[in-house]
1. Name the residue, out of GLU52, GLU18, GLU48, that is modelled with pLDDT under 90 and either surrounded by fewer than 13 Cβ atoms within 10 Å (Cβ to Cβ) or part of a helix (DSSP H, G or I) (or both).
2. Can you say whether THR2 is modelled with pLDDT under 65 and in a helix (DSSP H, G or I), as far as the supplied structure shows?
Amino acid sequence: MTRPDPAWPRAPSFTDVEEMTMTLEQHIEELRAELRNCISRKERRQIERDLEMARDELARRPAAEPR
């Protein structure tokens, strides 16, 4: 029996996808908190762009199945 080549990336497992989704959701919450406390207009625009990109990424991810 041969071992898998470590150079080949493995497909993400359900757990990996679930962890990535949680991390992204946490990132969105952090961006929302930053936006609430932002003073600078320039910084606010950047955070709004980052938040929109993060929300779009979350929407593209497969929904986690119930356990």
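The values are calculated or read from the model by the stated rules, or taken from the named source; none is laboratory data. The structure displayed is predicted, hence computed values, not measured ones. Here Cβ is always computed from backbone atoms with ideal geometry, including for glycine, and neighbour counts include all displayed protein chains.
1. Only one candidate passes the filter, namely GLU18.
2. For THR2, the condition - modelled with pLDDT under 65 and in a helix (DSSP H, G or I) - is not met.
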